[in-house]
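Take a look at the structure set out below.
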Amino acid sequence: MNADILIVLAILGGAVVLFVTEWVRFDGVALLVLVALALTGVLPPARAIEGFGNPAVVTIAAVLVLSGGLYRTGTANFLGRQVLRLAGRSATRVLALIMLTAGLLSAIMNNIAATALLLPVVLDIARRLRLAPSRLLIPLAWAALLGGMTTLIGTAPNILISGALGSAGFDPFRMFDYMPVGGAVFLAGILYMVVLGQRLLPDRRSDAERDAATGDIPGLAALGRNLFSLRLPDDSALAGRTLGRSRLGSALALNVICVRRGAKLLRAPAPDLALAAGDELIVEGSPESVEDLQSWGALTQAPDGSWESPFGPEAVIAELEIRDGSTLRGHTLAEADFANRFHAYVLAIGRGEMESGALLRTRLEDGDRLVVLAAADSVEQLKRAPEFSDVRVLDATTGARRSRPEGRLMRIRVPEESSLAGRTLAEMRLREAFDITVLAVQREGRVPQLARASSLLAAGDVLIAQGDPEELELLRALQSLQVSREAPPITALESDEAGFAEVTLSPRASMVGQTMQEIYFREKYGLSLLSIWRRGYGVHSNVALRTLPLQFGDALLVYGRRENIRLLARDPGFLVVTEEVHEVFRSGKAPLALAIMALVIGVAALNIMPIYITAPLGALLMVFTGCITDDEVYGLIQWRVLVLIGGMLALGAAMQESGAAELIARDVLGRAAELGPTALLASVFILSTLGAQFIPTAAVAVIMSSIALSTAAELGLSPQGLLMTVAISSSCAFMSPFGHAVNLLVMGVGGYKVTDYTRVGVPLVLILLAVVLLTVPVVWPLQP
């Protein structure tokens, strides 16, 4: 074993660990592999990047565009609906036809696109037949995987396997060469799900969060329990304020679902709706948040003290200048967590003239001057901070002039019997909820102490705070709201203008890892997020929903105007799976898209031109005929997948050239071959299938094709049978939701848990193993 083999095996092992743990995104892993191979000298740099020019990469990109053409024109949607109309009301027949339809579509288009296209249709069928979505969505996803095994363009592993065969000097697999084995596997998968698999699928209707009476939309049952009403008293200070300025969301974490004004119900009210005395607000959230605010008691302003000494002797007022290129640039004080990060409170921001209002929402710029209040030792730390170019201590008079506290400095008294006693300032959340920043706390006439997030409050304390006095009046107005646990039924909240929708992230979503606050979801779409379903569990707390990073596979329940839901449906990052809301298709172009796809398949099947020429030609025709637009092309191509494939092809080449693939073939598969061809095929199948549960299927195909080719050369076997086994098994991502995107696409919507995939998937994998062992030696004999 030479040094190159050791290096390649170490890189392979590291890549597998990163794929499984997801510490690095999969395309990042591929780039790390590529760079590591070049830096260690295993591959020359020019050879390391050759994978990006591989015909398989070009073919996969073109097939994604072709699939997009079928999607955008509604061709696949029309074909799918026509087949599913034959389902009737038999649950077994529905299951079989769903799988047959998904598989046939997946044979000619990307399996993720096929699943996404049929998802709203299948959910609609489930609701009409009173079936839990969990009974149909795993079969839908798995049928797409199984159908993709039947043709060359059905899935990326098939294209990669064909390319590997051609690169090794053999005739590559053609369009329908996968059909004999892939078709047998597809039919076996359908038969298994119809006879046994459907009995192993969970029925999530039994969960408290999945109630058939509410249409099986996740979270609606929980929503009904979280609805209550708030009434504005006749003398409420909220009257005349808009909903957006009411602080109901920031202070109480409530979603206003509708407003009852007299006999009229205003559903999904806009943020600019002006409230009126006597309005009844139907809100979603926790009534305890209102009751807790009321338990604070009446926070009143104490008599003003002099500015010269309101904070005590430990306080220092300083002026800072933000350095050019500072990390603070472009962020608000709240986003930068300025107070906790620098242990200083900003009293004013200077940009020409000093400004002391709306500080938390002001985005900082290079050269801004900040007047801050801090302890002396904190100022010394500020002088050393790289974010600031100048830090100067100001005397009290200059500080008063520079920060302009008139009308912004308040002394707020904590009343006796207040529930705030014993709580910290952080728990009070005055700054986040009302833009009121507590600067110091004075207790029983003592010298004020600078405020800390951990400062404990006591009855009678005087809080020296900066903010708008109107916000204090608004706080008291919220305390005066009259709470009622009664609310209208969920059905009353829907109308022709407003309603609920179930949404999941599309495979092209760029907001994975971001919170709904960070993507400005409500501001952009005017919709309320009510719950998130993740891996079989629901998150309904508004506070948690705002700070929960999104994950692929999440199912989101939203409420709002239907026109806003349609706007969301046009965003390529979201997939609205509510059946009546869908993307507007270019139906007039459907015959053209279908003809172009048939042309590509026919030319490739007759071997008139290689697929890596035919597919790009078809993609160009889709654009020229208007089936898709120029701008849509780059959105349809999954660039992360192409980067993954380009990097992993470099690893495959390194395994071949270093001898690592030959070593594995001889020491691992070679020993299995001693037990006979059946044991060899079984070993290849098992290795590939296990890898496909946690590693992207394209990566598994590249790695295992190198090993299979070396095994064939080492043992004097025909490589076609081994590579066909790799092609089928590398797409068998049935025992875990993490190996393929289609599993994650239905996971949140179906309310599935990880164990659901394992329980239903293990028997399926064993059956497919038996089918492969029976069919591959007949169609593709191992002996040359």
| message | Contact list please: Cβ distance under 7 Å, first residue in the stretch 63-75 and in contact (Cβ under 8 Å) with a residue 24 or more places away in the chain and within 18 Å of ASP571 (Cα to Cα), second residue open to solvent by 10 Å² or more (accessible area, probe 1.4 Å) and hydroxyl-bearing (Ser, Thr, Tyr), pairs at least six apart or on different chains. | response | THR73/SER587; GLY74/SER587
| query | Which condition number in (1) modelled with pLDDT under 90; (2) crowded, with 17+ Cβ neighbours inside 10 Å; (3) over 17 Å from LEU527 (Cα atoms); (4) not polar (S, T, N, Q) is the one that GLU280 fails? | reply | (1)
| said: Can you tell me which of (1) touching a residue at least 60 places away in the same chain (Cβ under 8 Å); (2) open to solvent by less than 10 Å² (accessible area, probe 1.4 Å); (3) part of a loop (DSSP other than H, G, I, E, B) is the one THR115 doesn't meet? | reply: (3)
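Report the residue count in the stretch 539-553 for those that are touching a Gly at 6+ places or on another chain (Cβ under 6 Å) and surrounded by 20 or more Cβ atoms within 10 Å (Cβ to Cβ). It would help to see each step written out before you state the result.
First pass over the stretch 539-553, keeping only residues touching a Gly at 6+ places or on another chain (Cβ under 6 Å): 542, 549, 553.
This time we only want the ones that are surrounded by 20 or more Cβ atoms within 10 Å (Cβ to Cβ), so: 542, 553.
Number of matching residues: 2.
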| query | Is at least one residue of the stretch 522-529 at pLDDT 85 or above and more than 21 Å from PRO271 (Cβ to Cβ)? | reply | no
| For the stretch 633-642, how many residues are open to solvent by less than 40 Å² (accessible area, probe 1.4 Å) and part of a helix (DSSP H, G or I)? | 5
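Restricting the search to the stretch 504-540, which residues are assigned to a loop (DSSP other than H, G, I, E, B), within 22 Å of ALA251 (Cβ to Cβ) and in contact (Cβ under 8 Å) with a residue 12 or more places away in the chain? Lay out the reasoning, then the answer.
So in the stretch 504-540, the residues assigned to a loop (DSSP other than H, G, I, E, B) come out as 506-520, 526-527, 535-536, 540.
Applying the additional criterion that residues be within 22 Å of ALA251 (Cβ to Cβ) yields 515-518, 520, 526-527, 540.
Those that are assigned to a loop (DSSP other than H, G, I, E, B), within 22 Å of ALA251 (Cβ to Cβ) and in contact (Cβ under 8 Å) with a residue 12 or more places away in the chain: THR515, MET516, GLN517, GLY526, LEU527, HIS540.
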| task | Specify the residue that is farthest from ARG241 (Cα to Cα); the eligible residues are those in the stretch 447-472 that are in a loop (DSSP other than H, G, I, E, B) and not hydrophobic (A, V, I, L, M, F, W, C). | result | PRO448
| task | Report whether or not ARG130 is among the charged types (D, E, K, R), under 21 Å from VAL702 (Cα atoms) and either surrounded by 24 or more Cβ atoms within 10 Å (Cβ to Cβ) or touching a residue at least 60 places away in the same chain (Cβ under 8 Å) (or both). | result | no
| task | Would you tally the residues in the stretch 602-619 being surrounded by 21 or more Cβ atoms within 10 Å (Cβ to Cβ) and either free of Cβ contacts under 8 Å to residues at least 60 places away in the same chain or aliphatic (A, V, I, L, M) (or both)? | result | 5
| task | Spot the failing condition for LEU675; the list is (1) surrounded by fewer than 23 Cβ atoms within 10 Å (Cβ to Cβ); (2) within 22 Å of PRO172 (Cα to Cα), and only one is missed. | result | (2)
| query | Which numbered condition trips up PHE78, out of (1) under 24 Å from PRO737 (Cα atoms); (2) modelled with pLDDT under 85? | reply | (1)
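Out of the residues in the stretch 745-768 that are open to solvent by 30 Å² or more (accessible area, probe 1.4 Å), touching a residue at least 60 places away in the same chain (Cβ under 8 Å) and among the hydrophobic types (A, V, I, L, M, F, W, C), state the one that is nearest to LEU687 (Cα to Cα). It would help to see each step written out before you state the result.
We begin by selecting, within the stretch 745-768, every residue open to solvent by 30 Å² or more (accessible area, probe 1.4 Å); these are 753-755, 758-759, 762-763, 766-767.
Checking which are touching a residue at least 60 places away in the same chain (Cβ under 8 Å) leaves us with 753-754, 759, 763, 767.
Now drop any that are not among the hydrophobic types (A, V, I, L, M, F, W, C), which leaves 754, 767.
On the way: VAL754: 21, ILE767: 16 Å.
Out of the qualifying residues, it is ILE767.
Using the structure shown, decide if VAL83 is in a helix (DSSP H, G or I), modelled with pLDDT under 90, more than 25 Å from GLY635 (Cα to Cα) and within 23 Å of the chain's Cα centre (by Cα). Walk me through it before giving the result.
Values: in a helix (DSSP H, G or I): yes; modelled with pLDDT under 90: yes; more than 25 Å from GLY635 (Cα to Cα): yes; within 23 Å of the chain's Cα centre (by Cα): no.
For VAL83, the condition - in a helix (DSSP H, G or I), modelled with pLDDT under 90, more than 25 Å from GLY635 (Cα to Cα) and within 23 Å of the chain's Cα centre (by Cα) - is not met.
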| said: Tell me yes or no: at least one residue of the stretch 436-458 is in contact with a Leu (Cβ under 9 Å, 6 or more places away or on another chain), acidic (Asp, Glu) and open to solvent by 40 Å² or more (accessible area, probe 1.4 Å). | reply: no
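The values are calculated or read from the model by the stated rules, or taken from the named source; none is laboratory data. Every value quoted in this text rests on a predicted model; they were computed, and no experiment measured them. Counting neighbours? That spans all protein chains shown, and the Cβs are built from the backbone with ideal geometry, glycine included. We work out accessible area using only protein heavy atoms, side chains counted, and drop any ligands, DNA or RNA first. Shrake-Rupley method; radii C 1.70, N 1.55, O 1.52, S 1.80 Å.
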